[in-house]
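Data first, discussion second: the structure below is written as C-alpha cells.
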Amino acid sequence: MTHTIRTRMLSKSYRSADVVSNVEMTVKRGEIYGFLGPNGAGKSTVMKMLLGLVQPTGGEIELFGEKLIIGRNEHLKRIGHLIETPVFYDRMTARENLELHAEYMGYHSKGAIDEALRMVHLVGTDRKPVKQFSLGMKQRLAIARAISTRPELLLLDEPINGLDPEGIQSMRLLFRRLRDEWGTSILVSSHLLSEIEQIADTIGVINEGRLLREVSLDDVRTSTTAFVEISTPNAALAAYVLTEKLGLDQFKQIDDHTLRVYDTRVPQESLSKMLILNDVSIESINRRHHSLEEYFFDMIKGGDDHAAPGQTGA
Amino acid sequence: MLHLVKLELKKGGLRGYILGALIAYAAIAGLLMLMYFVKDEPTGSTFKNQADMLSAVNTLVGATFIVYASALLSKLVISEFKDRTMTLLFAYPVSRKQLIFAKLSIVFVWCFVAIVLGNVLLDALMLTVNHFVGDLASDLSATNLVHQFGHVILQTIGAAGMSLLPLVIGLPRRSVAATIVSSIFIVAIVSSNNAGFSLSSIIAIPLALAAIGIIGAYLSFRNIDQIDVA
C-alpha cells in the first residue's frame, strides 16, 4: 500500500450546484499533501467526504487501500482530523476532552495525551475548561486531539488559522516531525500558498470544485520557478535561433521584445554567445525567478500556459 | 453499547439534572400540599378520595418529567447537532445508530425512573400526611394499590415514550426552543385536567402517543449513516 488516499471521479453536488466535481487525488503514504485553493473551492467538502461526514454524489474514495463503504467505520480509528473550526465540549477541561476522544477512538495508551499536549505546547493549561481558551489555544488543542491517537492519516483543514507567527512556525515543525518520525500522511489545506509551500511534498490545487493539478513541489521548484529572460529588438529572430541552433523548445515569446527560456540546463553564456553569433542584438539577459505564488495564481486563473511537469488533474 | 452510555454520562452536566429532579419533586410536593390543605369551602377538599389524590400525583409527575426529558433531549441530541460536536462523534469508529440509540435510551430510562420514583415518593408522602391529618377516607385496599401501581407503570411507559416526541419536531429545526415548547404542548394537551378528566387517563392515548414517539425517533435516525452532517 503506497497510497493513503486515492479518489476517483469524486463529486458532490447539492441540488444543482456542483461543489466538488470529478476530483482525482492521490496522497502517498508518509507525505505532506498541501491542498491549495481559494475559499469556497471545495477543500473542506473533500475532507468531510474522506471522513464520511458528507456523502459523495459520485465517484469513490479509497483509504489505506480499501474502498470506503457507507456504515463501515473501522478505518476512522486510523485518522486524526481538524475540520473547519475546532469544536469541543466547552464545559469539560482540555484533558477531559482528549480523554473522551481516546475513549471513543478506542485508543488506550498511557502518556499519549501528555505527549500530544506537550507537542502543541499546551502543558499546564489542561485542567482549564475549554470555554476559557482563546481561538489559538483551541486550534492547538484540536491538533493535539487529532494527533493524540497516533493516526496514520491526519486531515487538517486550515490548521494555521488563529495562530500567531510563533505558533505557525512550531506547527510546521510538528507536521514535519510527525511525517518523519511516525510516518504520518498529512493532508493539510490552506488558501495561502506561503503557508504550505514550506512543508508540503505535493501540492494539489483546487478551484471551483475541480482539482486543477497535482504536482510534486520539488518538480515545481526545479523546473518552473527559474528562467532566463532575454530582451531583444527582434524576438522572433531570437526564437528561431534558439530552436534551430540550440535545439531548445522550453521557451516562450512573451512579446515582440521578450523571450523567456525555461530550460535552465543551458548556461546563460551559451545563450548570449549563440544569439550574438547569429546577429541577434541583446539589450539585456537575466536569470529570474518566477515565484511559486505566480505559478499557482496563473493556474487558478486558468492562465496555465507555460510548460510544467506533473500530470494534469480532472 | 453500555460503554457509549457511560461516555455520554461522562460528558457531565447530568448531576445538575438529578439535582433538578429533586427540586422538581419538592415543588410538586409543595403544590400537592397546597391542593390538599387549601380548601375551597363550597366544594370541599380538592381531592374526592385517596385514589383521586394519587392520580393527581401521577399527572403532575408525568407532566413535569415529559418537559424535563425534553431538556435532556435538547442537551444530548439537539445541542450536539447545533454545537457541531456531532461531527466529532460521527467521525469516530462507532456506529452512528448505536450512538443515537445510547442517547435516546438515556432519555427514556431517565424519564421512566424519575416518574416511577416521583410517584412512589410523593404517594408515600401524601398518604402519610393523610394518615395523620385524616381528611380523606381510606378507600385504598391492597388490591387497589397494586392496581394503582400497574396503572402508574403503564402511564410511565406512555410518558417516557411521549418524551421522545418533541425530538421529531425539534430535530429538523436543530432548535432547543422548538423541542421544549413542543413538549409543553404535548403535556398541555394530554395531561390537562378538565373536571377530573384528562386524555392521559384513557391509557390507550398515552400508549399510542408513546408508540408514535418511538417510531418517530426511529424514522428521524433511520438514514443517519447517509446524512451529511455540518
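We did not get these values from a lab; they are worked out from the coordinates using the rules stated. This structure is a prediction, so every number in the text was calculated from the model and none was measured. Positions of Cβ are backbone-derived with ideal geometry, glycine not excepted, and every protein chain shown enters the neighbour counts.
Computed over the Cα atoms of chain A, what is the ratio Rg over Rh, Rh following Kirkwood?
Values: Rg = 23.8 Å, Rh = 21.8 Å.
Looking at chain A, the ratio lands at 1.09.
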Å³ per residue of the Cα convex hull, for chain B? 124
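Relative to the Cα centre, what is the charge dipole magnitude of segment A:3-216, using +1 at the beta carbon of each Lys and Arg, -1 at the beta carbon of each Asp and Glu, and rounding to the nearest 20 debye? The partial results should precede the final answer.
On the way: 29 positive and 27 negative charges, 69 e Å.
Computed about the Cα centre, the dipole is about 340 debye.
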Can you give me the angle between helix A:235-246 and the longest principal axis of chain A, using Cα atoms only, in degrees from 0 to 90, rounded to the nearest 10? 90
Of the listed peptides A:105-114, B:107-116, what is their order by residue-averaged count of other C-beta atoms within 10 Å, with the highest listed first? B:107-116, A:105-114
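Which net charge results when you count Lys and Arg as +1 and Asp and Glu as -1 among the other residues whose beta-carbon is under 14 Å from that of A:E66? Mind showing how you got there, number by number?
Details: positive: A:R6, A:R8, A:R29, A:K67, A:R72, A:K77, A:R78; negative: A:E60, A:E62, A:E74, A:E152.
Net charge around A:E66: +3.
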Efficiency of FRET between A:E115 and B:K48 - r from beta-carbon atoms, R0 51 angstrom, step 0.05: 0.15
Projected onto the charge dipole of the protein assembly as shown (unit charges on the beta-carbon of Lys, Arg, Asp and Glu, signs +1, +1, -1, -1), the Cα from B:N193, A:S272, B:L219 with the largest positive-side position is that of B:N193
From fewest to most C-beta neighbours within 10 Å, the residues A:E60, A:E244 line up as A:E244, A:E60
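Report the convex hull volume per residue for the protein assembly as shown, counting only C-alpha atoms, in Å³.
Values: hull volume 103.0 nm³, N = 544.
Hull volume over Cα atoms, normalised by residue count, gives 189 Å³.
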Furthest towards positive pole of dipole, A:S134, A:I206, A:L154, structure part segment A:133-230, Cβ charges: A:S134
Magnitude of the Cβ-charge dipole of the protein assembly as shown, K/R +1 and D/E -1, about the Cα centre, nearest 20 debye? 1420
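Please order B:I214, B:I184, B:I78 by the number of other Cβ within 10 Å, starting at the fewest. Provide the component values of the computation, followed by the final result.
Values: B:I214 17, B:I184 14, B:I78 24.
Ordered from fewest to most neighbouring Cβ atoms within 10 Å, B:I214, B:I184, B:I78 come out as B:I184, B:I214, B:I78.
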In whole angstrom, and with the biggest value first, how far do the Cα coordinates of segment B:65-137 range along each principal axis? 61, 20, 12
Sequence ranges B:26-35, A:36-45, ranked by mean other-Cβ count within 10 angstrom, highest first: A:36-45, B:26-35
C-alpha center-to-center spacing [segment A:125-204, segment A:1-40] in angstrom: 19
Exposure proxy order (Cβ contacts within 10 Å, fewest to most) of A:T243, B:T143: B:T143, A:T243
Sum of -39500 (n - 2.57) over DSSP H runs of 4+, divided by residues of the protein assembly as shown (222 nm, nearest 500): -16000 deg cm²/dmol
Can you bin every Cα-Cα distance in segment A:70-183 into 10 Å intervals starting at zero and give me the percent of pairs per bin, rounded to whole numbers? 14, 49, 32, 5, 0
For segment A:226-289: Kirkwood Rh in Å [reciprocal of mean 1/r, alpha carbons]: 11.2
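Starting with the highest mean, order B:82-88, A:152-158 by the number of other Cβ atoms within 10 Å, averaged over the residues of each peptide.
Details: B:82-88: 18.0, A:152-158: 21.9.
Top of the packing list down: A:152-158, B:82-88.
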Answer with one residue from B:T156, B:A102, B:V61: the one whose Cα lies farthest towards the positive end of the charge dipole of segment B:51-161, charges on Cβ with Lys, Arg +1 and Asp, Glu -1. B:A102
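List, in the order given, every pair from A:K252/A:K301; A:K67/A:K301; A:K77/B:K97; A:K77/B:K10; A:K131/B:K11; A:K48/B:K6 whose Cα-Cα distance in the structure shown is over 24 Å. Please report the intermediate quantities before stating the final value.
Details: A:K252/A:K301 19 Å; A:K67/A:K301 34 Å; A:K77/B:K97 18 Å; A:K77/B:K10 21 Å; A:K131/B:K11 14 Å; A:K48/B:K6 28 Å.
Pairs exceeding 24 Å: A:K67/A:K301; A:K48/B:K6.
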Round to the nearest 10 and give me the degree value, 0 to 90, for the angle of helix A:165-177's Cα axis relative to the longest principal axis of chain A. 90
